[in-house]
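Read through the structure below, which is laid out as structure tokens, and then see the notes.
The values are calculated or read from the model by the stated rules, or taken from the named source; none is laboratory data. A quick note: this is a predicted structure, and the numbers were derived from the prediction, not measured. Note that we place each Cβ from the backbone using ideal geometry, even for glycine, and neighbour counts take in every protein chain shown. Remember, those area values only see protein heavy atoms, side chains included, never the ligands or the DNA or RNA. Shrake-Rupley method; radii C 1.70, N 1.55, O 1.52, S 1.80 Å.
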Amino acid sequence: MVRSVKDIDIANKKVFIRCDFNVPLDEFLNITDDRRVKSAMPTIKYCLDQGCAVILASHLGRPKGVYEEKYSLAPVYKRLTRLLSEEVKFAKDVVGEDAILKANELKSGQVLLLENLRFEKGETSNDAEFAKKLAGLAEVYVNDAFGVCHRAHASVEAITKFFDEKSSAAGFLLQKEVEFSHNLLKRPTRPFVAVVGGSKVSGKLQALRNLLPRVDKLIIGGGMAFTFLKAQGLDVGNSLVEDELLPEALHVMDEAKKLGVKLYLPVDVVAAQTFSADSTMKFVTTQEIPKGWMGLDIGPATSRLFREALNDAQTILWNGPMGVFEMEKFSKGSFKMSHTIAEAHATTVVGGGDTADVVARAGDADEMTFISTGGGASLELIEGKELPGVKPLKLKEA
Ligand code: AMP
């Protein structure tokens, strides 16, 4: 577990909050989805209520260490001024003259947003000098940017070296992310069922390995299922297969058997002739995928099978879509899975950007217990890895 901003004394101090304001923008640089800005509000408002002067920092997109207008945090600044009735200021740089001047002058109850952290080369290289300059702006460090915690970047990792346990902590968003995944993996209410999908086995192999000893059932869908089906001796046509991982797939199935984990694979698929939205398609069993065709979604029998398997679940973890949900024709399996999980009387945790997207599009977001906001970071937690941004903020006994 992590130290929460509530566990340390921040009253009337100058606080640096690493946020995740990496919002989508349209061609006119308007924010098209401001959830990331809104979800930072609880931590920001808590700090303001404690009489703090608040310095906010974030990255946006992937600039290459120099200023580029299209990556400026100006649109976020505008949105912040609307969301916070408090006075908000905006620095033209990150650790330059303007930022230092404005940070020095910042008073209790005021908010300062720095420019995009990635306008400085030192951010992504985890540069200690840059981190020191950032740290020099404030007395307290708060990390509320879960989505970048798996990256050793200066504002996430190197900066923590300049704050002790009494002056560094996790914001509410980060705390929630870490606690959910910790509870899920360490003490799930059983039966615990993991539903894993997405394109490739290679991307989820470590997650599968870490989940196997913890779950009661493992449901595998999406493109990655075909490597498992092929390993079982089925002819899967042109479906996505990673041949070099066939032995690994067999190993996972063997392990599952040894551990008493029930492993479910698709029994039918929506097959198509080409990987395109206007391709001819048909429902076939996984035994009968025609030569040259590929499975792009789970079929209706599989949706029913998976629903049955989830029926008695008390805890469900879902990471990875069941098919190529971006194309309507191949989205039903993922949407049905979303509805099934949303209706389950279980603790339901959704991870991964694509999966969160499916859940949102299916209109099920409010029905899930928790939707993780960080794609790569949440996968790394499921893999059992210690995140560089979380490690320095851990409570001693954890
Ligand atoms: P990942 O990033 O590994 O979670 O994979 C997500 C991607 O997997 C999505 O973009 C889906 O379109 C893709 N995907 C899901 N099922 C299949 C499939 N049967 N064949 C090819 N790609 C798939």
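Provide the packing ranking of 186-195, 358-367, 63-72, i.e. peptides ordered by the mean count of other C-beta atoms within 10 Å per residue, highest first.
186-195, 358-367, 63-72
For residue 127, what charge total do you get from the other residues with a beta carbon under 11 Å from its beta carbon, if Lys and Arg give +1 and Asp and Glu give -1?
-1
Could you give the distance between the Cα centres of the stretch 115-182 and the stretch 380-396, to the whole Å?
13
As a test of the formula, what do you get for the chain when each DSSP H run with n ≥ 4 contributes -39,500 (n - 2.57) and the sum is divided by the residue count, at 222 nm and rounded to the nearest 500 deg cm²/dmol?
-9500 deg cm²/dmol
Just the number, please: Stokes-Einstein D of the stretch 5-175 in µm²/s, Kirkwood Rh from C-alpha pairs, 37 °C, 0.692 mPa s.
My calculation gives 211 µm²/s for D.
HN-Hα J couplings of the stretch 279-291 from phi, Karplus 6.51/-1.76/1.60, θ = phi - 60°, integer Hz, Gly and Pro as x?
5, 5, 9, 8, 8, 9, 6, 5, 7, 10, 5, x, 3
Plugging the Kirkwood radius over Cα pairs into Stokes-Einstein for the chain, at a temperature of 25 °C and a viscosity of 0.890 mPa s, what D comes out in µm²/s?
This corresponds to a translational diffusion coefficient of 109 µm²/s.
From zero up to wherever the largest Cα-Cα distance of the stretch 77-187 sits, split into 10 Å bins and tell me the percent of pairs in each.
Computed distribution, short to long bins: 13, 38, 37, 10, 2.
What net charge is computed for the residues neighbouring residue 301, neighbours being all others with C-beta under 13 Å from the C-beta of residue 301, Lys and Arg scored +1, Asp and Glu -1?
0
Over 15 Å apart: what share of the alpha carbon pairs of the stretch 171-228 falls there, rounded to a whole percent?
55
Counting only protein heavy atoms, what percent of the accessible surface of the stretch 5-175 is carbon or sulfur at a 1.4 Å probe?
47
For the stretch 244-292, count all C-alpha to C-alpha pairs, find those more than 17 Å apart, and express that count as a whole percent of the total.
Result: 56 percent of Cα pairs exceed 17 Å.
Toward the positive end of the charge dipole of the chain, about the Cα centre and with charges on Cβ (Lys, Arg +1; Asp, Glu -1), which of 122, 212, 8 goes farthest?
The listed residue farthest towards the positive side: 8.
Counting C-alpha atoms alone, how compact is the stretch 51-94: give Rg to one decimal and Dmax as a whole number, in angstrom.
11.7, 36
What are the extents of the Cα atoms of the stretch 30-114 along their three principal axes, listed from largest to smallest and rounded to whole Å?
In descending order, the Cα extents are 36, 32, 16 Å.
Using only the alpha-carbon atoms of the stretch 188-382 as identical scatterers, what base-10 log of I(q)/I(0) does the Debye formula give at q = 0.08, 0.17 Å⁻¹?
Debye output, listed in q order: -0.22, -1.09.
Which value, in debye to the nearest 20, describes the size of the charge dipole of the chain about its Cα centre when Lys and Arg Cβ atoms bear +1, Asp and Glu Cβ atoms bear -1, and nothing else is charged?
That gives the chain a dipole magnitude of about 620 debye.
Please name whichever of 382, 296, 30 sits farthest to the positive end of the charge dipole of the chain, dipole taken about the Cα centre and charges placed at Cβ: Lys and Arg +1, Asp and Glu -1.
Among 382, 296, 30, the one farthest towards the positive end of the dipole of the chain is 382.
Using the Cα centre as the reference, give the magnitude of the dipole from point charges on the C-beta atoms of the stretch 115-179 (Lys, Arg: +1; Asp, Glu: -1; all else neutral), rounded to the nearest 20 debye.
Charge dipole, the stretch 115-179, about its Cα centre: 120 debye, nearest 20.
Considering only protein heavy atoms and a probe of 1.4 Å, how much of the accessible area of the stretch 188-382 is carbon and sulfur, as a whole percent?
Percent of accessible area from carbon and sulfur atoms in the stretch 188-382: 50.
Count the net charge of all other residues whose Cβ sits under 14 Å from the Cβ of residue 202, scoring Lys and Arg as +1 and Asp and Glu as -1.
-2
Would you mind telling me the antiparallel percentage of the DSSP bridges in the chain, rounded to 5?
20
Quick one: which residues, 5+ away or cross-chain, put their amide H under 5 Å from the amide H of residue 219? H built at 1.01 Å from N.
194, 195, 196, 264
Per residue, what accessible area does the chain have, given a 1.4 Å probe and all protein chains present, in Å²?
44
Where the only charges are on Cβ atoms (+1 Lys, Arg; -1 Asp, Glu), what is the dipole of the stretch 128-218 about its Cα centre, to the nearest 20 debye?
Dipole about the Cα centre, nearest 20: 560 debye.
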